[in-house]
Every structure is written in structure tokens, then in C-alpha cells.
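A.B. asks: One structure, pasted below without further comment.
Every read-out reported here was derived from the displayed coordinates using simple, explicitly stated rules and does not represent laboratory data. Every value quoted in this text rests on a predicted model; they were computed, and no experiment measured them. Cβ coordinates were reconstructed from backbone atoms using ideal geometry, including for glycine residues, and neighbour counts include every protein chain displayed.
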């Protein structure tokens, strides 16, 4: 009785099938990992909101909020995200975070409300009133200055560094209504600047 082995063709077919299955599995695991990181970041942003509001209740401002949320921000930064805290004058705050593996996924949380998602593209440049309307018509709003600055600091890759962006908030303490890095406040509402909405 002779033993028949596998032919070269049969071995190649089996190897290619195994390769196909393994690539499907790796892609699925990668997607699951990204979704888990996204869910973790959103959960951490909710915790940050709670901690910041507790800080506000204790002091009447957000002067101690950065210290209160620092451990949570460090956790985001160590687990696949980048997050930054910003307050302009301790009366408002924002934390923005992005997913490092997919920088199109960026969020902010602030004293302005719940977690917001950043649009991945800019609206066309416009004056402030048109910018407010454009964001509202697309179901969003202009970001507060704290949201815009913390998003920029977290590496909001879609911001054009040399451009100015509209904010929903004005601060008369800043010269000419400009914030360093080209973030624009609504002090001069007739000029045309870039628009990035949150929703």
C-alpha cells in the first residue's frame, strides 16, 4: 500500500486559505481595539466633566480643575489617545481628546455641555454671523474658545496652523481678539476666518 502525500498545489491552496483567514481576523481585532479605545476615551471625558464640576462646586471656578482631572488625562494619553486641558480665565474649561490610531475621531467636553464631536473638515471661510449659521444649519455650533484651544493643543490635525478660526466666545482681554496659534474670537465679526464646527 503506497502512501499518497499532498501535492504542491494542495499545500499552496491550504496556505493561501490560512493567510486569508488570518488577515480577516487581524483586521477584525484591530477594529475592535479601536472601538474599545474610543469607548474608553468617551467614558473618561464623562469622568472629567464630573470631576471638573465637583472642582467648580468646591471653589467657585475651574482653577483647581486641571489638577482634579490630570490623572484621567494621563490615562487617556497612555492608552491610545491624546488629551489636553485648557482654561482661559478659570471661568470656563475644556478638555479635548483624539484617538491616535484614527485622528478623524476627536471629541471635547467642557462646561458648555456634554461631549461634542469635532467635524473632520472645515466649513468655508466666512464672517462670524455666517459661521454661526453654517454650523447651526449642519446641526452643530461654533466651539467655545476653550474647546478650540484644547483641540488645537491635542493635535487637531485638521486645523490649518497658519489660519484663524472662529470661536463662539469673545474675550476682550486678548489683544485684537486673537488667541496665539491663530484661534480667532468673535471680537471682529466682519472679517473672514475659517470655521470648524462641533456637534
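A.B. asks: Along Cα→Cβ, 7 Å out, is where each label goes; now give me the distance between the ones at residue 124 and residue 79 in nm to one decimal.
C.D. replies: Between residue 124 and residue 79, the simple spin-label model gives 4.3 nm.
A.B. asks: Say R0 is 45 Å: what FRET efficiency, to the nearest 0.05, do residue 192 and residue 26 get from their beta-carbon distance?
C.D. replies: On the way: r = 47 Å, r/R0 = 1.03.
Calculated value: 0.45.
A.B. asks: On to the next question. If you build the Cα gyration tensor of the stretch 53-149 and take the root of 5 times each eigenvalue, what three semi-axes come out, in whole angstrom, biggest first?
C.D. replies: Numbers: eigenvalues 128, 71, 17 Å².
Taking √(5λ) for each Cα gyration eigenvalue gives 25, 19, 9 Å.
A.B. asks: Still on this structure: Going by C-beta contacts inside 10 Å, put 105, 42 in order with the fewest on the left.
C.D. replies: 42, 105
A.B. asks: Grab the beta carbon distance between residue 34 and residue 6, set R0 = 45 Å, and tell me the FRET efficiency rounded to 0.05.
C.D. replies: Numbers: r = 39 Å, r/R0 = 0.86.
After rounding, the FRET efficiency stands at 0.70.
A.B. asks: Give me 48, 115 ranked fewest to most by other Cβ atoms within 10 Å of their Cβ, as a rough exposure proxy. Provide the component values of the computation, followed by the final result.
C.D. replies: Details: 48 26, 115 18.
Going from sparsest to densest Cβ surroundings: 115, 48.
A.B. asks: Take residue 89 and residue 63, extend 7 Å from each Cα along the Cα→Cβ direction, and tell me the distance between the two endpoints in nm.
C.D. replies: 1.5 nm
A.B. asks: Would you kindly calculate the mean projected area, averaged across all directions, of the convex hull enclosing the Cα atoms of the stretch 1-127, in square nanometres?
C.D. replies: Numbers: hull surface 54.8 nm².
Reported value for the Cα convex hull: 13.7 nm².
A.B. asks: Which order results if 54, 142, 8 are arranged by neighbouring Cβ count within 10 Å, fewest first?
C.D. replies: The most exposed by this proxy come first: 8, 54, 142.
A.B. asks: Continuing with this model, one more query. Using a basic spin-label model with each label point 7 Å from the Cα along Cα→Cβ, how many nm lie between residue 138 and residue 199?
C.D. replies: Result: 0.8 nm between the two label points.
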